[in-house]
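Before any comments, here is the structure.
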Amino acid sequence: ILLFVIIIGLIYKDSIFQTLLNYEIKDFKNLTIYILLVLVYFLTPLPITPIILLTGFLLKDNGFYLSYLLIFISSSILFVFSRFINEKFNFQKKIQLLSSNFKLIKYSKSNFFIFFSRYLIPYFFHNIFYGLINIKYTKFIIIVLLAEIPLTFAINSIGISLKTYSQDQTITIYSLIMDKNFYIPIIIISIIFFIGKIIKKKI
């Protein structure tokens, strides 16, 4: 499916770009459909970064609040579903056995690790993983929401900058790069992944 979407996107990239550029989600019906589509997408293993970027592009500042809310809802659904699977098939004993051999599982319950592993483990698998191990939902979701604030805000801000750049033809690429609404999010993302890479090496 992903390969098919990429091929279609490459073939009709100009038309898609013009449609996105001129498309505005104003009425309640279109907004509801968009929210449902994004929510379903967030429940799949596909990367959510492009959708957060698109939401910022379409909804500007409101895109951050929508993406953040949907991350909360989808993370909760995946966590609860994973917890249900764990209880149904009794994975807990197997996980306890593995925890003595793998540092990732052994140290995964600390607040620090939950926070930074959000940047190391893909979104979908992060939610599933923590639903499988014995950790409280409240603890998990609070730490995850704190971890998602800087990254979601940064990606959404880049989407806003791209929208502004696309609408105003007088803006040069240099002006876009030097715009604080563009380079500050890039710096935030770079710092997050740099720290994540250091932590990953120590694990």
To the nearest 0.05, what FRET efficiency results for S190 and F115 with a Förster distance of 22 Å applied to their C-beta separation? 0.80
In nm, give the distance between the simple-model label positions of D61 and E87, each being 7 Å from the Cα along the Cα-to-Cβ direction. 4.2
For L37 and I149, calculate 0.36 nm times their separation in residues minus their Cα-Cα distance, and state this gained length in nm to one decimal. 38.1 nm
In nm, spacing of pseudo-spin labels at T44 and V80 (7 Å Cα→C-beta vector): 2.3
Please compare each pair in K29/K60; K29/K136; K29/K163 to a cut-off of 27 Å on the Cα-Cα distance and tell me which ones are over it. K29/K136
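Throughout, read-outs are computed from the coordinates displayed, never taken from laboratory work. Not measured: the values here are computed from a predicted model. Glycine also receives a Cβ, built like all others from the backbone with ideal geometry; neighbour counts cover every protein chain displayed.
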